[in-house]
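Chemist: Pasting a structure here, questions to come.
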Amino acid sequence: MNHTVEFDANGSFVTITTFGDPTPAGFAAYLTDMLGNPKWQPGMPMLVDLTRLNISILSSDDVRSIVSAHKPFAERIAPSTIAAVVSEQDHYGLVRMFQMMSDEMLPMLRGYYTTEEAMVWLGV
């Protein structure tokens, strides 16, 4: 799994773009990169673009593992609104599964089909 982390010019939100085959370590890597960047601010809205990630290979056990990979970072990202963008209905279902499994840890996570819808919800 590969990723990019980009902060907008105003420092008002961060965009994470993922691609390749998803792994728990890949999710931990983007969180480490994002949180280690001096531009990161607690509570900053996060746009997570999953449209180029091969989500269809994931099982429910894989989703649980990815939720677990977020746990060490949860306290630092939980104040943020997080919009995950997917391009297909079955991918949206996996995001909803992640959302349900991580709701106590990441209560402000939502899934969207378009970046535009996600940006509106994020308020950016």
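Chemist: Given the conditions (1) in contact (Cβ under 8 Å) with a residue 40 or more places away in the chain; (2) exposed (fewer than 14 other Cβ atoms within 10 Å of the Cβ), report the number of the one that D61 does not fulfil.
Modeler: (1)
Chemist: So, in segment 15-34, how many residues would count as being out of contact with any helix residue (DSSP H, G or I) (no Cβ under 6 Å at 6 or more places or on another chain) and under 18 Å from A74 (Cα atoms)?
Modeler: Going through segment 15-34 one residue at a time, the tally reaches 9.
Chemist: I'm trying to understand the selection: among the residues of segment 77-97, which are part of a loop (DSSP other than H, G, I, E, B) and in contact with a strand residue (DSSP E or B) (Cβ under 8 Å, 6 or more places away or on another chain)? Steps first, please.
Modeler: In the first step, residues of segment 77-97 are kept if they are part of a loop (DSSP other than H, G, I, E, B); the result is 78-81, 86-88.
Hits for segment 77-97 are S80, T81, V86, S87.
Chemist: Right, another one. Which ones in segment 98-124 are closer than 29 Å to D61 by Cβ and either among the small types (G, A, S) or assigned to a strand (DSSP E or B) (or both)?
Modeler: Answer for segment 98-124, where residues must be closer than 29 Å to D61 by Cβ and either among the small types (G, A, S) or assigned to a strand (DSSP E or B) (or both): S102, L109, R110, G111, Y112, A118.
Chemist: A follow-up question, please. Can you go through R76, R110 and tell me which one is under 22 Å from V124 (Cβ atoms), surrounded by fewer than 18 Cβ atoms within 10 Å (Cβ to Cβ), of a type outside the set (S, T, Y) and in contact (Cβ under 8 Å) with a residue 40 or more places away in the chain?
Modeler: Values: R110 fails: in contact (Cβ under 8 Å) with a residue 40 or more places away in the chain.
The match here is R76.
Chemist: For the subset of segment 1-24 comprising residues that are acidic (D, E) and part of a loop (DSSP other than H, G, I, E, B), which member is nearest to G123 (Cα to Cα)?
Modeler: The first filter runs over segment 1-24 and keeps only residues acidic (D, E), leaving 6, 8, 21.
Now narrow it down to the ones that are part of a loop (DSSP other than H, G, I, E, B): 8, 21.
Working: D8: 14, D21: 30 Å.
Looking at the filtered set, the residue picked out is D8.
Throughout, read-outs are computed from the coordinates displayed, never taken from laboratory work. All values reported here derive from a predicted model rather than from experimental measurement. Methodologically, a virtual Cβ is constructed for each residue, glycine included, from the backbone with ideal geometry; neighbour enumeration extends over all protein chains shown.
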